[in-house]
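Heads up: the structure comes next, in structure tokens.
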Amino acid sequence: MVRSSESEAGLDTSTTEAAGAPLQPRRLLSRGPDDTARIGWGIGARLRPGDCLALEGGLGSGKTTLTQGIVAGAGGGEDVRSPTFLLHAVHPGRVTVHHLDLYRLPQTADLRALGLDEFLEEGAAVVEWAERTSREWFNGVIRIAVLGPTDREFRLSLPAHLVEPAPDA
Ligand SMILES: Nc1ncnc2c1ncn2[C@@H]1O[C@H](COP(=O)(O)OP(=O)(O)O)[C@@H](O)[C@H]1O
Ligand SMILES: [Mg+2]
């Protein structure tokens with residue numbers, strides 16, 4: 001089950017304004033990997049070239065699982081693994097998704113040196129361990145908190161075009 005939390009009180013929006021776009025903070029609860037993949041799918045289905053999403057959350061929180069859903073929603077293949085040892089994987093689809101994992105990079109990773117600005121001209125990017133680079137790259141931020149063995153809270157601060165309409169909208 002995926003549901004919006006009733007209250008968004010306490011969500012700090014001050015650090016989530018990226019690229020000048022108005023962001024819409026939202027919390028979603030995931031009860032397992034399938035929920036997380038569905039959340040990702042909804043984002044991937046709306047993804048556009050130039051979108052660059054920061055994924056923040058500890059090891060095993062579900063960043064790669066979310067990315068699998070995003071890639072599927074963007075029309076890409078199933079073979080999304082943690083690129084922790086690869087740094088960068090490319091998933092062609094309706095929109096090409098560049099999947100980056102900065103875990104092994106220093107705290108001040110320079111993504112221009114990796115060519116991120118060029119990737120974003122024709123594709124979108126999803127970046128795990130996004131804390132390690134400058135916020136200026138991102139037009140959306142997703143923070144994952146581990147609440148229990150399979151419960152996760154997603155805090156989504158996304159530009160309007162990536163936000164699913166509420167079920168009762
Ligand atoms: N609600 C959930 N969302 C995502 N993953 C979950 C969830 N509950 C359990 N898991 C498990 O947690 C692990 C998440 O791994 P992964 O997506 O690779 O995390 P990360 O990329 O953040 O290190 C997987 O083994 C997955 O099956
Ligand atoms: Mg990962």
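Every number here is computed from the coordinates shown, using simple stated rules; none is lab data. Every value quoted in this text rests on a predicted model; they were computed, and no experiment measured them. As a convention, Cβ positions derive from the backbone with ideal geometry for all residues, glycine included, and neighbour counts pool all protein chains shown.
A P(r) calculated from all alpha carbon pairs of the range 30-105, with 10 Å bins opening at zero, reads 21, 56, 23, 0 percent. Judged by the mean number of other Cβ atoms found within 10 Å, the most tightly packed of the peptides 26-37, 67-78 leads the ranking 67-78, 26-37. A crude spin-label estimate for the pair E131 and Y103, with each label 7 Å from Cα along the Cβ direction, gives 1.4 nm. Between L147 and D79, the distance separating the two model label sites (each 7 Å from Cα on the Cα→Cβ line) works out to 3.6 nm.
Subtracting the Cα-Cα distance of D110 and R94 from their residue separation scaled by 0.36 nm leaves 3.0 nm.
Shape class for the range 29-159, computed from the alpha carbon gyration tensor (a ≥ b ≥ c): oblate, with a/c not under 1.5 and a/b at or below b/c.
Given R0 = 41 Å, the distance between the Cβ atoms of L87 and L29 translates into a calculated FRET efficiency of 0.85.
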